[in-house]
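Here is the structure we will look at, set down as structure tokens.
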Amino acid sequence: MHKPMNNKQFLIAAIGLGVLLRFALMPFFAHVDLFSEARRVFYVLENDYLFDNGHRFVVFYIEVIFAWFSTLFINVTDGLFHLSDPTQSVSNLVDYGFFLNDPNIYRHLFFFKLPYLIFDIATALLIWKFIDNPRHRRIALLIWLFNPLTLFSTYIFGRFEVISLFFLMACALQLKYDRVFLASALFSFALLCREINLLYAPFLLIALIDVKDHWFRNAITLSCSAAIIALIYLLPNWLINLTGGDTQLFVDPSAAHPNNSLNALLSLGYYWFYPIVICLSVLAIYQWEIGARPKSERFVLSASVVLFIYFGFNVHSVHYAAWLVLFPILSMQYGKKVVLPFMALFGVWLVLWLLKTDNGVFTLFLAAPLTSDFIGMGYFPSVFKQHIASDTFTLHQAIQLMRSIFLVVMGFFTYRVLKNESNHRTML
Amino acid sequence: MSIKCISTVAMMPPLLVSMLRLLTNLYKLKLPATILATALFSNLAFAQTVTNDLTATSSTHYRVSGDDPYIIFNPPQQAEKTSRYLSFDLGTHLTGIPLEIFFSSQQDLFNPYYKISFTIANFPAALELPADLIFTESTRLRLDINQCQDCTIKLEFLPFLSDQVSAPVTVVQPSRLQNGVTPLANDSARLNTSNWQLNDLTGTANNFEVSASDPFLVSPQLTLSTQQLAGVYFKLKAPKSDEAWNDYQLFYQTERHSFTAQASSTLRVADNANGIVEFMFPLDFLHKEQPSVAVLERIRLDIPEISGSWALLEARLVHQEQQDDYLDKIPAQLLEIKQQRATGLSLIKKSLLNVFADLGFSISYLLLLIVSTWFLARAYRSNR
């Protein structure tokens, strides 16, 4: 008689299949951004600039360590990662073309994505640990391991989002165990991976306030946490400056910097800046009002909605959508029904980017490591224009339509995350 | 495809001669009367002319009605073997339009490697023929009209051969002559480096300096088959660069395309302290493209913008039999942009071949997948 899988078996099977799927993708796909990142890493290795570059410090040094490890297995082709000017590290297509034709490209891609795999699987294990309900944790694990957003952004596009998400995950887990200062330290590691995580900072600090505690104790906790976050975040740059390093090693001095630095940090169109500030303020009030709930719950719920607001009004690169995945998954710990919104998100993300892509973002260009014949093989917008578009329904209109639906999906997610959990058995 | 044959019965010769002066004034050709007489008479007498994608709109005018308009005809000629001009008057619509004359055929099947390309700015005009082309009485020519949608062609008389022209007939030079294909010699072809054209360079190919931002050298005209071509080898004297690595780009022009980035290769070589740089651009993929026999017409080498004294010491088209001798001249960093890409099954096959080309990786990767699966199954079973 067939015996159902026990929890451990489920975990092993899911992680195992997830790893095999990731292995299958790792060596064969990449965006040119991954090569630009690799050039910066190898530049540091080749020139022994190990105490320079304060930008995304944590991610960068994890990549440096793995790149060094990879050189034990790969004879790096002379000049392949050469950068004549580190401030011009963003690769052009000629340099990327050399990389695509390098006989060791599959090894390079495999090793360069290896830290992503490790942090990705570690995140999956922490999700498993975070969620108590056996049924919910299974669903959460499956969503994390097999969702197209993180698979695409990490193993096809080849970006490091999962490292940042790992530290956010670890932060939420420590909050669950009431280890406030450790959570703060882990949060600052996440900040050193992606500046966008700064959006969560006020909500983390509000979540640390325990309404049942004395105000003085709360004040001490808040002050210490803020100090930990600030110190760890600023420490690398401070140390690099102190040792005479160049924190601006890869910064292009000629690049235009907008005057409004906060606006620039959020990469927002100017007219969307204020609506987002308003919505985030409303969210902060909501978070204050649910102050009786556990710290981790308040942080997870508000962190989910922060990104729903942010993405609802703003579209970034295709792989940034991976940021949307973690906190809604964690909200399942609190009985939130997010499976259906996730399905809607995957669908709308796919269609939106099929329509919105340029030649190299959501096209077969990403398979160019297999053969450069994939470059310029056409992309969906041209098919749309040729076979679907009409005078009354243009590509631009189709994109705007999908953008609107994307906003609706973000609203749907927000509703499901903020709604009080019901007793329905289904997680849909 | 609509093919229309024009056959006209000869008219009375005396009548034609009397019309001659009138026509000469009318068209202001001012050609020798005998030439025009021959042309007109021949035209009307036995014009076994074939047209394609051309629709008659009157007895003397045709409209382009398809993608491949051409006329096949026997050119009337005044003096056999000495003809140096092919004279035309095709009407104002064809001024500035790229035209081609194919001149080698068997039963009206024309060989694409024998053609003269030209453009006429003003009609009437006479195309100056290369001295080594000899047209006999039985020569059939095909005039192709390119890039001319819905335009009208005046065809009061067929293009005819003559040994002289006089004003106001405009004499035009061929923009390109392709007189067959030369197979590449087994011992490769060393190109003469003295007559290369230079761009943004001062001096000659044997001694030059970079003078502006787009420096390149263009070879003289070639008509070499790409069928046995392995690549192009260069040896240059190059000045010391500030950069550790320098890029060189090869453009190759065939009968199907001129110089374009979509048919080019770029390679990156380390700056050489002794001042001599040598490398080979592989072009062995060209014979795998369709059609497999292409004609290499010119090559262009773009060099890095380094100031100092340069020299093109050697340029060689390498035969496939010599390919092994030049393998070490192919730099590791090479980018080839090809005109024809693999699709469908051949794309999958090519991808797999690329993956298995790194045998060490392929074996390790497969082992990793097998070992991971084995561990997964073992861990799953042990936790029952």
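The values are calculated or read from the model by the stated rules, or taken from the named source; none is laboratory data. This structure is a prediction, so every number in the text was calculated from the model and none was measured. Neighbour counts run over all protein chains shown; Cβ positions are idealised from the backbone, glycine included. The protein model used for the area step is the full one, side chains on, heavy atoms only, and it has no ligands, DNA or RNA in it. Shrake-Rupley method; radii C 1.70, N 1.55, O 1.52, S 1.80 Å.
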Tally the residues that are crowded, with 19+ Cβ neighbours inside 10 Å and in a strand (DSSP E or B), restricting the search to the range B:199-209. 2
Out of the helices (runs of 4 or more DSSP H) lying entirely within the range A:338-422, which hold 2 or more residues that are buried (at least 21 other Cβ atoms within 10 Å of the Cβ) and away from chain B (no Cβ under 14 Å)? A:339-356, A:395-418
Considering only the range B:271-323, how many residues are acidic (Asp, Glu), surrounded by fewer than 19 Cβ atoms within 10 Å (Cβ to Cβ) and under 30 Å from B:Arg341 (Cα atoms)? 4
Can you list the helices (runs of 4 or more DSSP H) found entirely within the range B:270-384 that contain at least 2 residues being of a type in the set (Phe, Trp, Tyr)? B:359-382
B:Phe110 - would you say it is modelled with pLDDT of 85 or more, open to solvent by less than 40 Å² (accessible area, probe 1.4 Å) and hydrophobic (A, V, I, L, M, F, W, C)? yes
Does the range A:84-109 hold any residues that are surrounded by fewer than 23 Cβ atoms within 10 Å (Cβ to Cβ) and without any contact (Cβ under 8 Å) to a residue 24 or more places away in the chain, and which are they? A:Ser84, A:Asp85, A:Asn92, A:Val94
Output the number of the condition that A:Ala230 fails; it satisfies all remaining conditions of (1) within 29 Å of A:Pro115 (Cα to Cα); (2) surrounded by 15 or more Cβ atoms within 10 Å (Cβ to Cβ). (2)
Given (1) at the interface with another protein chain (Cβ under 9 Å from one of its Cβ atoms); (2) in contact (Cβ under 8 Å) with a residue 24 or more places away in the chain; (3) open to solvent by less than 50 Å² (accessible area, probe 1.4 Å), where does A:Glu63 come up short, assuming only one miss? (1)
Need the failing condition index for A:Ser281 against (1) of a type in the set (Ser, Thr, Tyr); (2) open to solvent by 30 Å² or more (accessible area, probe 1.4 Å); (3) closer than 28 Å to A:Phe99 by Cβ; (4) out of contact with any Leu (no Cβ under 7 Å at 6 or more places or on another chain), just the number. (3)
Could you grab me the full set of residues in the range A:186-195 that are open to solvent by 20 Å² or more (accessible area, probe 1.4 Å) and either touching a residue at least 24 places away in the same chain (Cβ under 8 Å) or under 20 Å from A:Ile290 (Cα atoms) (or both)? A:Phe189, A:Glu195
Has the range A:110-132 got at least one residue that is at the interface with chain B (Cβ under 10 Å from one of its Cβ atoms), assigned to a helix (DSSP H, G or I) and surrounded by 20 or more Cβ atoms within 10 Å (Cβ to Cβ)? yes
Scan (1) part of a loop (DSSP other than H, G, I, E, B); (2) of a type in the set (Val, Ile, Thr); (3) buried (at least 18 other Cβ atoms within 10 Å of the Cβ) for the single condition B:Ile101 breaks and write down its number. (1)
Taking the options A:Phe35, A:Phe29, name whichever one is farther than 28 Å from A:Asn237 by Cβ and more than 11 Å from every other protein chain (Cβ to nearest Cβ). A:Phe29
Identify all residues within the range B:341-384 that are closer than 20 Å to A:Thr371 by Cα, small (Gly, Ala, Ser) and more than 7 Å from chain A (Cβ to nearest Cβ); write none if there are none. B:Gly344, B:Ser346, B:Gly360, B:Ser362
Restricting to the range B:241-258, what's the tally of residues that are away from chain A (no Cβ under 14 Å), assigned to a loop (DSSP other than H, G, I, E, B) and either surrounded by 18 or more Cβ atoms within 10 Å (Cβ to Cβ) or touching an Asp or Glu at 6+ places or on another chain (Cβ under 7 Å) (or both)? 1
Restricting attention to the range A:42-68, which residues are among the hydrophobic types (A, V, I, L, M, F, W, C) and within 12 Å of A:Phe81 (Cβ to Cβ)? A:Phe42, A:Val44, A:Leu45, A:Ala67
Looking only at the range B:214-227, count every residue that is at pLDDT below 95 and over 18 Å from the mean Cα position of the chain (by Cα) and tell me the total. 0
Among (1) at the interface with chain A (Cβ under 7 Å from one of its Cβ atoms); (2) farther than 30 Å from B:Ile276 by Cα, B:Ala332 falls short only on (2)
Does A:Phe51 meet the test of being surrounded by 17 or more Cβ atoms within 10 Å (Cβ to Cβ), of a type in the set (A, V, I, L, M, F, W, C) and either in contact (Cβ under 8 Å) with a residue 40 or more places away in the chain or more than 9 Å from chain B (Cβ to nearest Cβ) (or both)? no
Unique match (being part of a loop (DSSP other than H, G, I, E, B) and either surrounded by fewer than 20 Cβ atoms within 10 Å (Cβ to Cβ) or modelled with pLDDT of 90 or more (or both)) among A:Phe35, A:Phe81, A:Phe69: A:Phe81
When A:Val211 is run through (1) open to solvent by 30 Å² or more (accessible area, probe 1.4 Å); (2) touching a residue at least 12 places away in the same chain (Cβ under 8 Å); (3) assigned to a helix (DSSP H, G or I), the failure sits at (3)
Only one of B:Val181, B:Val165 is surrounded by 16 or more Cβ atoms within 10 Å (Cβ to Cβ), among the aliphatic types (A, V, I, L, M), in contact with a Leu (Cβ under 9 Å, 6 or more places away or on another chain) and closer than 18 Å to B:Ala126 by Cβ, namely B:Val165
